[in-house]
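Please find one structure pasted underneath; my questions will follow.
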Amino acid sequence: MKVLIPSLNLYFGICFTHHINFILPMSLKHEIDEQGEYNFVIPNIKDWPIYDVNQQKTEFLQDLIARTKEKIKEMAGSPKKLHDILARTRYLEQIRIQEEPWRVDPSDDWRFWHKKVRKVLLKSATQHNYDNGLSASEEAIFDDIISRYAHEIVGSFRPKTYHLASKVLPRFLSRLLNTFSSRKFFKVKYRLKDRLKITGQIELIRELATKGTLVVVPTHFSNLDSVLVGWSLHTIGLPAFLYGAGLNLFNSRIFGYFMSRLGAYRLDRRKKNPLYMEALKMYSQIVVERGCHSLFFPGGTRSRSGSIETRLKLGLLGTIVEAQRRNFVEDIPKYGKEPTDRGNKVFIVPLVLNYHFVLEAKRLIDQHLKQSGKEKYYIDKDVFPSSKKAYEFLASMVGERSEILLSFGKPIDIFGHPVDSEGNSLDSNGNFVDIENYFVSNGKMSEDKQRDEEYTRLLGEHILKQFYQYNVVISSDLIAFIAFELLKKRNPKFDIFGLLRLPEEERVIDYNDYIETVEKIRKELNIRAKLGELQVADHLNTDIHRLVNHGLSNIGLYHTERPVRKTENGDITSDNMNLLYYYHNRLLGYELEKLI
């Protein structure tokens with residue numbers, strides 16, 4: 001029973017911490033203040049942008065529905081094509097209901113799509129002339145569908161629920177951390193603070209949170225990323241951010257209760273039809289227009305290979321560009337505020353997460369290898385880790401040896417210009433740049449789809465560049481990269497799959513050769529760090545043998561089959577080549593393999 005209780009406590013705590021930036025305890029604020037650390041940049045919760053948006057939820061939903069319908073009609077081009085989109089949506093929804101129903105789905109799902117929508121569309125297809133637009137019944141069903149999606153996506157923010165969670169969560173975190181503390185009386189903030197290292201231009205980010213709208217775009221490696229990102233945002237004193245939670249997570253009644261009241265918007269990855277996707281993108285655009293700080297993973301899903309993202313999903317990034325343009329054109333006021341209260345400028349903040357080990361690494365690399373070359377066809381069910389596995393993971397994380405680094409990149413505007421503490425965009429010479437001019441064509445500010453798509457593509461490139469620049473190389477990355485590359489060099493005729501099938505006796509690397517290569521690559525990494533091409537963890541610049549041992553102990557904390565370990569004779573080997581490949585991939589993109 002004693003083992004079960006902490007595990008259940010952790011599961012409940014994970015449910016909260018999956019959106020921890022909404023609910024981190026106000027009771028911690030007083031403790032943080034006493035220690036001279038970060039206060040909230042907006043002390044009163046009723047002044048938070050997320051609270052403003054929720055206060056005008058009815059108006060927000062009406063705006064979302066109307067603009068989504070307008071966008072879809074524009075996209076369709078003609079009433080007949082819009083009818084075809086509606087019919088295609090109905091077909092895909094029926095397949096979803098038949099093949100992958102969830103408990104959280106509306107009770108009338110089948111009746112709505114199979115009877116009501118199907119009946120209207122079939123009748124109109126045979127009796128209606130589309131020269132004058134949709135039939136009245138089709139127009140009504142179109143409105144019903146978009147309204148249905150909008151109400152599903154939009155969440156709520158309840159201060160009372162926030163305060164309730166604020167009281168409950170510290171107890172769960174305390175129970176977890178005390179379980180692994182050798183001290184009887186133990187404060188949460190000390191151990192967690194020691195294990196989570198947050199770096200970057202924190203003061204600038206805090207200033208910008210009061211000057212405009214922040215959009216944080218992190219790398220994505222684990223389902224626990226949102227826990228850590230949320231914690232980091234709270235730790236540096238930012239108000240709650242809006243970001244999506246998979247609708248499947250709402251299958252839990254307790255989880256769903258809190259999530260639906262703490263601002264999380266719902267994402268249903270089963271729905272791939274254009275009506276739902278446009279509603280989702282329009283939601284993202286409107287919340288940014290209204291000044292609500294947002295967070296989304298631009299890679300779209302967790303990295304299966306273990307490498308930093310090399311391609312980003314441009315759909316949601318495009319909504320940020322469009323939101324910025326509309327803010328300049330219409331000077332959109334924030335709900336309940338004057339336009340000048342928080343400004344109308346959007347700031348992008350890349351964030352790189354660095355783990356010594358990843359909870360789901362084995363499953364992720366297996367998926368990558370099975371789908372090699374076919375990633376774009378992969379559909380992620382996004383299964384949240386069991387309470388036992390999450391418990392083991394966090395237990396290791398807060399242990400004496402491991403750490404997780406969260407590295408904030410340089411805040412930029414949507415065109416990649418760095419910004420100062422007042423939110424002014426700067427060119428390479430430090431001169432002010434008026435980015436409103438980027439939206440001017442023929443002497444006036446206008447919408448240009450092709451131009452804005454190019455702006456979105458360039459924004460993606462700026463974010464990717466910062467992912468590599470602010471990636472912090474840690475010991476586990478280094479030792480895995482070198483071990484795999486040395487085996488690869490030794491077996492030049494093998495492709496990746498051949499290397500992964502190497503027998504155990506062929507995986508042994510002479511320790512002296514290994515150490516020599518580690519030293520060589522470490523020197524190169526320090527040179528690259530001085531050039532601003534990447535970051536290196538402090539522990540990389542220690543005695544070379546201690547560095548290797550640090551990496552070996554950390555990368556093996558969670559996995560029973562160690563990606564890298566020492567043999568009885570003191571040489572280097574791997575118990576699991578797939579895992580070795582996964583951790584090796586984190587340093588791809590720097591062309592370090594050419595030096596081995």
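The values are calculated or read from the model by the stated rules, or taken from the named source; none is laboratory data. Predicted model, so just to flag it, every value in this text is computed and none were measured. Note that we place each Cβ from the backbone using ideal geometry, even for glycine, and neighbour counts take in every protein chain shown.
So if I check each of GLY36, GLY13, which one is surrounded by 12 or more Cβ atoms within 10 Å (Cβ to Cβ) and at pLDDT below 90?
After applying the criteria, what remains is GLY13.
Go over the candidates LYS493, LYS489 one by one and state the one that is basic (Lys, Arg), part of a loop (DSSP other than H, G, I, E, B), in the same structural domain as LEU579 (by TED's automatic domain parsing) and under 30 Å from ILE515 (Cβ atoms).
Within the list LYS493, LYS489, the selection yields LYS493.
May I pose another question? I'd like the full set of residues that are surrounded by 14 or more Cβ atoms within 10 Å (Cβ to Cβ) and closer than 18 Å to LEU369 by Cβ, limited to region 486-522.
Answer for region 486-522, where residues must be surrounded by 14 or more Cβ atoms within 10 Å (Cβ to Cβ) and closer than 18 Å to LEU369 by Cβ: LEU487, LYS488, PHE494, LEU499, LEU500, LEU502, ARG507.
Another one. Show the residue pairs meeting these rules: Cβ distance below 9 Å; 6+ apart or different chains; first residue within region 432-445 and without any contact (Cβ under 8 Å) to a residue 12 or more places away in the chain; second residue surrounded by 13 or more Cβ atoms within 10 Å (Cβ to Cβ) and not acidic (Asp, Glu).
Note: pairs meeting the criteria are PHE432/ASN424; PHE432/SER425; PHE432/LEU426; ASP434/SER425; ASN437/MET445; SER441/ARG451.
Do we have any residue at all in region 560-575 that's over 24 Å from the mean Cα position of the chain (by Cα), touching a residue at least 12 places away in the same chain (Cβ under 8 Å), assigned by TED's automatic domain parsing to the domain that holds LEU500 and assigned to a helix (DSSP H, G or I)?
no
Kindly indicate whether any position in region 122-141 is touching a residue at least 12 places away in the same chain (Cβ under 8 Å), crowded, with 19+ Cβ neighbours inside 10 Å, part of a helix (DSSP H, G or I) and not hydrophobic (A, V, I, L, M, F, W, C).
yes
Tell me yes or no: at least one residue of region 232-247 is in a loop (DSSP other than H, G, I, E, B), touching a Leu at 6+ places or on another chain (Cβ under 7 Å) and under 23 Å from GLY300 (Cβ atoms).
Yes, some residue in region 232-247 is in a loop (DSSP other than H, G, I, E, B), touching a Leu at 6+ places or on another chain (Cβ under 7 Å) and under 23 Å from GLY300 (Cβ atoms).
Residues that are in a helix (DSSP H, G or I), closer than 30 Å to ASN39 by Cβ and either modelled with pLDDT of 90 or more or outside the structural domain of ILE414 (by TED's automatic domain parsing) (or both): does region 265-284 have at least one?
Yes: region 265-284 contains one or more residues that are in a helix (DSSP H, G or I), closer than 30 Å to ASN39 by Cβ and either modelled with pLDDT of 90 or more or outside the structural domain of ILE414 (by TED's automatic domain parsing) (or both).
Limited to region 402-433, what total is found for residues that are surrounded by 16 or more Cβ atoms within 10 Å (Cβ to Cβ) and in a loop (DSSP other than H, G, I, E, B)?
The qualifying residues number 12.
Which residues, taken from region 304-359, are at pLDDT 85 or above and at positive phi?
GLY306
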